[in-house]
1. Tell me, in nm to one decimal, what length is gained between residue 11 and residue 258 on full extension, where the rule is 0.36 nm per residue of separation less the Cα-Cα distance?
2. Mind ranking 48-60, 3-15 by how tightly packed they are, going by the mean number of other C-beta atoms within 10 angstrom, highest first?
3. Using amide H atoms built in the peptide plane, which far-off residues or other-chain residues are under 5 Å from residue 159 H to H?
4. Counting pairs of alpha carbon atoms under 8 Å apart in space and at least six apart in sequence, what relative contact order in percent does segment 84-142 give?
5. Dividing the alpha-carbon Rg of segment 84-142 by 2.2 N^0.38 Å yields what?
6. Could you work out how far apart the two model spin labels at residue 244 and residue 135 are, taking each label as a point 7 Å from the Cα in the direction of the beta carbon, and quote it in nm?
7. Lysines near residue 247 by alpha-carbon distance under 16 Å, same-chain residues fewer than 8 away left out - which ones?
8. Run the helix sum for the chain: -39,500 (n - 2.57) per DSSP H stretch of 4+ residues, divided by residue count, reported at 222 nm to the nearest 500 deg cm²/dmol.
Amino acid sequence: MEQLERDVAEAVGMLKDNYRHAERIYINRKAAQLLLARIYLTRGKWALAEQAAEDILESPLYEFENDINEVFHKSGKHILWQLKPERSGNPVSDATYFYFSGRAPHLYALTQDLVASFDDNDLRRQAWIAEVAFNDNLWFRPYKYKNRENNTDEYFIVFRLEEVYFIMAEALAKQNRFDEALPYLNATRERAGLNAATLSGEEFIKELLAEKRREFFTESGHRFIDLKRWGRLNELSALKPNWEEYKQVWPLPQSELLLNPNLNPQNKGY
């Protein structure tokens, strides 16, 4: 992690704030800063994570998106970095990867536990989750990206400003500055039509993790990384009977071990 931090910090110093392309499909300095802020959180450098996030939030390049239905459109000023489909009109991968209709899911569906975590009035529950009825069962699938064909207004969003709000909330909470952290936690809650939370201590942390789960479900493994950072991955055993603690880290690729024996031993459990 130390080398990773040095590399990303060096990239921050080399990149410019201005985007090479108006559609924000190339990394700029602020996108690299977001990645660096993630690393700071992972390494417990709360003040540095706060500083990196604050620098992004102060940039005139970005604005919080207040319309829940516009979050996954490519033109938003809340987007730090996104990936363009390979061909014009193609859907983003998530629009087809999670899709199923008129049948049981052949790959993935949202868990009942996740769906139940949304308040009935949560606009994200209404706009970002689709219901699929089949054989007297009700399934749920992600519906953040909606264009499965003739796509003209969706790119795959890698970094969005909402994550910076959560980074600020976590960094401030880790410094016991809960009153300062609350507005960053409440930004996505209030956009979703929920009341602002007034919490501190462990209750704040609990809601922070729950709210980020509701905001970033099915987006680039946020939930797994968050639980790992907080030392709570073993909570997955309640949802995944086959979960074992060694799965917190992935195996080292056998091809790399053959090329470089100094990487041995293999990670425990593999």
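1. Full extension of this stretch gives 85.9 nm more.
2. Sorting 48-60, 3-15 by mean packing, highest first, produces 48-60, 3-15.
3. Those lying under 5 Å, H to H, from residue 159 are 80, 81.
4. That works out to 36 percent.
5. Here the answer is 1.28, to two decimals.
6. If labels sit at residue 244 and residue 135, their model points lie 3.1 nm apart.
7. Filter leaves 228, 268.
8. -12000 deg cm²/dmol
Read-outs: derived from the displayed coordinates by stated rules, not from any lab. Remember, it's a predicted structure, so these values are computed and weren't measured experimentally. Positions of Cβ are generated from backbone atoms using ideal geometry, with glycine treated the same way; all protein chains shown enter the neighbour counts.
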